[in-house]
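The values are calculated or read from the model by the stated rules, or taken from the named source; none is laboratory data. Computed from a predicted structure; not experimentally measured. Cβ coordinates were reconstructed from backbone atoms using ideal geometry, including for glycine residues, and neighbour counts include every protein chain displayed. Just the protein is used for accessible areas: all its heavy atoms, side chains included, with ligands, DNA and RNA removed. Shrake-Rupley method; radii C 1.70, N 1.55, O 1.52, S 1.80 Å.
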Amino acid sequence: MNGFKEMTASTPRTVLSLYMRVFRVARTWQAHSGVASDTLAERKYILQEARTLFRQNQHVMDQETIKSCIKECEARIEIGLHYKNPYPRATYLPPMGLATLKGRKLRTQQRLRKQAKPIYLQSHDET
């Protein structure tokens, strides 16, 4: 029980630290193209995305969900810095491309698609 209290006490600190890290990344972000307008647009996207996702998840209390959100944020930061692209990487499996419209195969495909979704795209809905 004591470990649970320690984890919940450090979680807000971890989340706040991550939020501030995103803002530091946005402040120093340079677009790969080197064009000033691209840099401003990408900085704006980073800030807007961070605010949206952090506000969307501010009422989450489940520790596993919080851990998942933290992992997603860290992954998106690292991928963005590595590829010099702040936008989420695309997944190339067309929605419902492999399943029939009803039945067991559809449910199986939905489950497999959910399992295969990368950690950095967990907060994005399928379109």
List the lysines whose alpha-carbon lies under 30 Å from that of Lys105, not counting same-chain residues fewer than 8 positions away? Lys114, Lys117
Expressed in nanometres to one decimal, the distance between label points 7 Å along Cα→Cβ at Val35 and His59 is 4.1
On a C-alpha basis, how far is the centre of the range 56-81 from the centre of the range 12-35 in Å? Whole number, if you could? 14
If you stretched the chain out fully between Arg13 and Tyr83, how much longer would it get, using 0.36 nm times the residue separation minus the C-alpha to C-alpha distance? 22.4 nm
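Give the accessible surface of the range 14-84 per residue, rounded to a whole number of Å², with probe radius 1.4 Å and ligands, DNA and RNA excluded. Intermediate results must be reported in sequence, preceding the final value.
Details: 4720 Å² over 71 residues.
Spelled out: the 1.4 Å probe surface of the range 14-84, per residue, equals 66 Å².
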